[in-house]
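One structure below.
The values are calculated or read from the model by the stated rules, or taken from the named source; none is laboratory data. Keep in mind the model is a prediction, meaning the values are calculated, not measured. When we count neighbours, we look across all protein chains shown, and the Cβ atoms used for this are built from the backbone with ideal geometry, even at glycine. When the accessible area is computed, the model is the full protein with side chains, heavy atoms only, and any ligands, DNA or RNA have been set aside. Shrake-Rupley method; radii C 1.70, N 1.55, O 1.52, S 1.80 Å.
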Amino acid sequence: VTLGSNQIVLIAGPCSVESRTQTLEVAHAIKEAGANMLRGGAYKPRSSPYSFQGLGEAGLEILADVRAETGLPIVTEVMAPEMVPLVASFADMLQIGARNMQNYPLLNAVGESQRPVLLKRGLSATIEELLMAAEYVLSHGNRQVALCERGIRTFETATRNTTDINAIPVLKAQSHLPIFLDPSHSTGNWQYVGAVARAGIAAGADGLIVEVHMHPERALSDGGQSLKPERFAEMVRQVRLIAEAVGRELTPVS
Ligand code: PEP
Ligand code: MN
């Protein structure tokens, strides 16, 4: 999968890897709908220590099995520098979560790895701080970095976060790196995901990362912002029209 070309890349999947069946089912569904890569957290940065923390290494093994069955490359979060070699041995792309955007030892560790990195913007980070975080990875020798706008903290409480659409053209102007938008964490509500996804592509994003679950009401994390597969398929149909309107296309599913 090539990131940052004229072809838009769609990453989708559950917030958390919960079981082999759950991950495999949703992976088939998102691929069918047009996704190019599978997301899913095995190590979860939860606000409460009493919430589901992820399956850990067992989750990584599930992701690798599902990649073998579907052919979808996988992106999954790594939370600590000492975990980078293990997670990189399973993942095709390493996600740095919003809460870790300024964890410099972690940025240095993924900078020393050969795996592409998806760097999410911190909850209260400026665009300049996001770009400087990316520089940590780049300056440690890893040139394969994509940036991800995932909503920022504002005074607004109607949505979980506020999508900074401005960030997309600003990052495009200031950086050569591919820019992703996460409309799921940006809004925190599945009802708004499609509209914000379309806005992101209209604004010039190179890709989307979207949470999808077969049974959102039963999800162990972020069910309220997760799309059911048929809603994801509808989002893809609409995003394709927006992409064409701005002279781009979606990356074909291989
Ligand atoms: C996630 O992708 O599930 C996640 C925890 O995202 P963020 O780090 O942007 O909150
Ligand atoms: Mn999530």
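Some notes on this structure:
- Pairing each residue of segment 1-20 that is open to solvent by 10 Å² or more (accessible area, probe 1.4 Å) with any residue that is at pLDDT below 95, provided the two are 6+ apart or on different chains, yields no C-beta distance under 6 Å.
- Single residue of Thr70, Thr76 found to be over 21 Å from Tyr136 (Cβ atoms) and in contact with a Lys or Arg (Cβ under 9 Å, 6 or more places away or on another chain): Thr70
- Residue match in segment 100-107 (condition: near ligand 1 (Cβ under 10 Å from one of its atoms), at pLDDT 95 or above, under 14 Å from the mean Cα position of the chain (by Cα) and of a type in the set (A, V, I, L, M, F, W, C)): yes
- Where Tyr192 falls short, out of the listed (1) within 13 Å of ligand 2 (Cβ to nearest atom); (2) touching a helix residue (DSSP H, G or I) at 6+ places or on another chain (Cβ under 8 Å); (3) hydroxyl-bearing (Ser, Thr, Tyr): (1)
- Restricting attention to segment 115-128, the residues being part of a helix (DSSP H, G or I) and open to solvent by 70 Å² or more (accessible area, probe 1.4 Å) number 1.
- Reported count of residues in segment 177-226, each being open to solvent by less than 10 Å² (accessible area, probe 1.4 Å) and touching a Phe, Trp or Tyr at 6+ places or on another chain (Cβ under 7 Å), is 10.
- Residues located in segment 1-27, provided they are under 19 Å from Glu211 (Cβ atoms) and either modelled with pLDDT under 95 or of a type in the set (Ser, Thr, Tyr) (or both): Ser16, Ser19, Thr21, Thr23
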